[in-house]
1. Per residue, how much accessible area does the chain show when a 1.4 Å probe rolls over the protein heavy atoms, in square angstrom?
2. Cα-Cα pairs above 23 Å in the range 86-175: how many percent?
3. Residues with amide H under 5 Å of residue 28's amide H, sequence separation 5 or more or different chain, H placed in the peptide plane at 1.01 Å from N; which?
4. For the pair residue 44/residue 175, report the inter-label distance in nm, with labels modelled 7 Å from Cα in the Cβ direction.
5. Considering only protein heavy atoms and a 1.4 Å probe, what is the carbon-and-sulfur percentage of the accessible area of the range 29-176?
6. Counting alpha carbon pairs within less than 8 Å and at least 6 residues apart, what relative contact order, in whole percent, applies to the chain?
7. Would you mind working out the magnitude of the charge dipole of the range 34-180 relative to its Cα centre, with +1 at each Lys and Arg C-beta and -1 at each Asp and Glu C-beta, to the nearest 20 Debye?
8. Which Cα, out of 90, 52, 170, lies furthest along the positive dipole direction of the range 40-180 (beta carbon charges, K/R +1, D/E -1)?
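The values are calculated or read from the model by the stated rules, or taken from the named source; none is laboratory data. Keep in mind it's a predicted model, so treat the numbers as computed, not measured. Neighbour counts are summed over all protein chains in view; Cβ atoms, including those assigned to glycine, are modelled from backbone coordinates with ideal geometry. All accessible areas refer to the heavy atoms of the entire protein, side chains included, with ligands and DNA or RNA removed. Shrake-Rupley method; radii C 1.70, N 1.55, O 1.52, S 1.80 Å.
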Amino acid sequence: MKTAVLFLLFTAKLFATTISVIPVHEPLSLHGTDVDDIISDTGEALQATVLPRPMALTGAFPEVLVEAIRTPHLIPTNNPNYRVSESNLLVLCNVGIAAQMTEEGLLVTMNLSELEIPQEVDITSRQLLKLTLVALQRTLEEYHKPQTDPLKVTVAIDGTTEKNATLKDLEVTFTLEPSP
């Protein structure tokens, strides 16, 4: 009897999970290609871009969306000369990103303690963080469209050193308003 009850509790949790397909915007490197992209949100032409991809996600929203911005991304190709195995800049450059809901709203933390930009990636730390902020805002805006209440988002930057402490000036707070 005990085993049957445990089995029912376990399987009930399996079926109670909701999986949602949602666009997640990611900061992507274009290294290994012959193109640059002009990022209108940052005003710079870079060998990087912010693009969405659909992802099937489950978990606490919007926190899981923020964390999904930093997932491995192999860009599909039909050209055998394109051999880039990773294009997500957060993965390439070892930048962590986490989110948690607080009483004040959504707290997003970018961790730079292991930040290292590979030689083949033509981008600065500041450009990387600006692209990440664009990806974050676009992802959350898409998610927030059908919501009914405003969402205050605070972005904190942790793990800086003396060498890159000025990156903390990119910390920002913004509010996503519900769609009319």
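1. Values: 10630 Å² over 180 residues.
Accessible area per residue: 59 Å².
2. Numbers: 1029 of 4005 pairs.
Percentage above 23 Å: 26.
3. 49, 50, 51, 89
4. Reported label-point gap for residue 44 and residue 175 is 3.0 nm.
5. Details: 3820 of 7950 Å².
That share works out to 48 percent.
6. Working: 307 pairs, mean separation 36.9, N = 180.
Reported as a whole number, the value is 21 percent.
7. Values: 10 positive and 22 negative charges, 43 e Å.
So the magnitude is around 200 debye.
8. 52
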